[in-house]
Amino acid sequence: MISHFADSALRPRYMGMAADSVGKRAESCAADGRLDRDSWQELSDEGLWRLPVPVRWGGTGGTWWDFVAAFEGIAAGGRDLGFNLSLVAQAGLIRSILLYGTDEQKETWLPPLMSGSVGATALTETTGGSDVTRIRTAARQHQGHFLLSGHKDHITNGPVADVALTLGRVPEHGDRDITLFLLDLRSEGVTRGPVENMMGNRTSPTGPITFDQVRVDATNIIGGIGAGIEAIYNTISLDRLLYGVLAAAYLDPLLEDVLAYARSRTAFNVPIADHQYVQGRITDAKFAVEATRWVSYGALDALLKESPQTSLMCSVAKYHAGETLKLGTETALRVMGHRGYMEGPHTQALKDALGTVIAGGTAEIQRKNVFNQMRRLSSTH
């Protein structure tokens with residue numbers, strides 16, 4: 001499917017670029033727990049964020065299929081899962097601005113985001129977790145603008161982002177008050193907490209953001225007061241399917257490593273690749289990778305066509321992403337045995353992969369959404 005819609009040169013181009021930048025810095029960035037801003041800037045300069053943006057707004061006039069092709073290249077070439085999770089967070093922010101932003105908002109916010117600024121999508125709160133409707137962050141009107149107060153937790157890119165798409169409430173508006181605000185995180189009243197000390201994905205800095213009477217002009221509300229839920233669900237849908245795209249692209253070279261090792265390592269006088277139990281483990285991982293890849297492509301197709309199946313498909317993609325990453329990285333460790341278990345790239349990959357079963361909506365939330373969508377779609381027939 002993707003070959004029909006994307007520039008076929010994008011994947012290898014960005015793969016080579018990421019191998020020379022992200023891949024070479026990943027280990028030191030993980031040790032320091034920091035985002036690789038140098039690689040982020042290099043990829044931005046190369047036009048990554050311009051790919052899905054119309055020429056009118058400074059983009060190259062490509063499609064989200066083009067972005068996915070480049071994103072796959074970065075995942076396969078850079079081989080840094082955390083860095084790619086930070087890319088996912090920014091992709092959703094850009095899509096929200098493109099879909100729901102005014103001309104003024106696009107003119108203001110897209111140029112810096114395409115040129116190297118880092119974005120975050122600040123949804124999660126301590127009390128709500130994956131249930132974004134339980135947020136408490138709220139804004140009150142004051143002399144023609146809004147003052148936003150509240151606390152967000154576990155925000156991808158939160159400690160380092162320049163811009164945040166923030167979900168909050170406007171209680172004066174009534175029951176339908178959930179609203180999206182675009183914020184410059186250098187504004188007075190914004191405080192970022194320390195980077196969370198996570199087990200994995202340390203190259204994707206995550207942490208809290210607190211807002212204390214932060215001024216937000218009415219021109220920086222995305223989609224209007226009360227329109228936040230529709231817009232954020234569209235953003236979440238893109239995030240979820242990108243996890244699936246990432247899982248498949250990231251695991252492709254890892255399985256190549258596993259296969260090469262299995263062919264070179266001997267046991268009982270034959271390469272372990274000749275043993276059926278090893279073949280079974282490797283093929284189980286391959287089955288999962290291909291299923292995840294193609295359901296994610298299907299989810300993107302559904303999203304772009306505004307299909308009634310979109311939410312369901314994106315949750316299926318996200319669910320498979322976490323499970324497939326877990327299976328693929330565990331397969332590498334099992335096939336490589338003690339060598340795989342020693343601290344190094346394969347243990348790091350497994351630690352990173354485990355984070356994806358909870359990040360971006362837990363596996364259990366995906367099951368809940370799929371069931372609810374099945375029930376909804378069944379009742380419409």
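Every read-out reported here was derived from the displayed coordinates using simple, explicitly stated rules and does not represent laboratory data. Everything numeric here is computed off the predicted structure, so don't read it as measured data. Please note: Cβ atoms are built from the backbone with ideal geometry, for glycine as well, and neighbour counts cover all protein chains shown.
Using a 10 angstrom Cβ neighbour count of at most 14 plus a DSSP loop assignment to flag exposed trypsin sites (Lys or Arg not before Pro), which longest range of the chain is free of such sites? Looking at the chain, 1-135 is the longest stretch - no exposed trypsin sites (Lys or Arg not before Pro) with at most 14 other Cβ atoms within 10 Å.
Using alpha-carbon positions, what is the distance between the centroids of region 137-155 and region 175-212, in Å? Measuring centre to centre over Cα atoms gives 12 Å. Phi angles of region 203-208 translate, via the Karplus equation with coefficients 6.51, -1.76, 1.60 and θ = phi - 60°, into HN-Hα couplings of 8, 10, x, 10, x, x Hz per residue; Gly and Pro are given as x.
Which log10 I(q)/I(0) values, to two decimals, does region 122-226 give at q = 0.10 Å⁻¹ under the Debye formula with one point per Cα? With one equal scatterer per Cα and no solvent, log10 I(q)/I(0) is -0.26.
When peptides 223-234, 154-165 are ranked by their average number of other Cβ atoms within 10 Å per residue, the highest-first order is 154-165, 223-234.
With r defined as the distance between the Cβ atoms of D212 and D177 and R0 fixed at 22 Å, what FRET efficiency is calculated, to the nearest 0.05?
Values: r = 20 Å, r/R0 = 0.91.
Efficiency computed from Cβ-Cβ geometry: 0.65.
About its Cα centre, the chain has a charge dipole of approximately 760 debye under the convention of +1 per Lys or Arg Cβ and -1 per Asp or Glu Cβ, with nothing else charged.
Any idea what the relative contact order of region 61-134 is, in percent, if you count C-alpha pairs under 8 Å spaced at least 6 apart?
It rounds to 23 percent for region 61-134.
Taking amide H atoms as placed 1.01 Å from N in the peptide plane, the amide H of A122 lies under 5 Å from those of L165, T166, L167, each 5 or more residues away in sequence or on another chain. Using the Stokes-Einstein relation with a Kirkwood hydrodynamic radius computed over Cα pairs, the translational diffusion coefficient of region 326-381 at 25 °C and a viscosity of 0.890 mPa s comes to 184 µm²/s. Residue by residue, region 43-55 carries 3J(HN,Hα) couplings of 5, 5, 4, 7, x, 3, 7, 7, 4, x, 9, x, 4 Hz when phi is fed to the Karplus relation 6.51 cos²θ - 1.76 cosθ + 1.60 (θ = phi - 60°); x denotes Gly or Pro. Computed with the Debye formula from one identical point scatterer per Cα of region 154-309, without solvent, the log10 of I(q)/I(0) at q = 0.17 Å⁻¹ comes to -1.09. Go ahead and run the numbers for FRET between R186 and R136, Cβ-Cβ distance against an R0 of 30 Å, rounding to 0.05. Here the calculated transfer efficiency is 0.80.
Our estimate of slack between T63 and V270, defined as 0.36 nm per intervening residue step minus the Cα-Cα distance, is 69.7 nm. Set the Cα radius of gyration of region 229-379 against 2.2 N^0.38 Å, with N its number of residues, and you get 1.18.
Just so you know, the Rg over Rh for the chain is 0.98, from Cα atoms, with Rh as the Kirkwood radius.
Whole-Hz Karplus values for region 12-18 come out as x, 5, 6, 5, x, 5, 5 Hz, taken residue by residue from phi with 6.51 cos²θ - 1.76 cosθ + 1.60 and θ = phi - 60°; glycine and proline positions read x. Computing Rg and the Kirkwood Rh from the Cα coordinates of region 2-117 gives a ratio, Rg/Rh, of 0.98.
For Q213, nonlocal amide neighbours, meaning residues 5 or more places apart or on other chains whose placed amide H falls under 5 Å from its own, are L148, S149, G150.
Quote the relative contact order of the chain in percent (integer), defining contacts as alpha-carbon pairs under 8 Å separated by 6+ residues.
Rounded, it is 15 percent for the chain.
Multiplying the residue separation of R367 and Q143 by 0.36 nm and subtracting their alpha-carbon distance yields 76.2 nm.
Spin-label model, K305 to A260: label points 7 Å out along the Cα-to-beta-carbon direction sit 3.9 nm apart.
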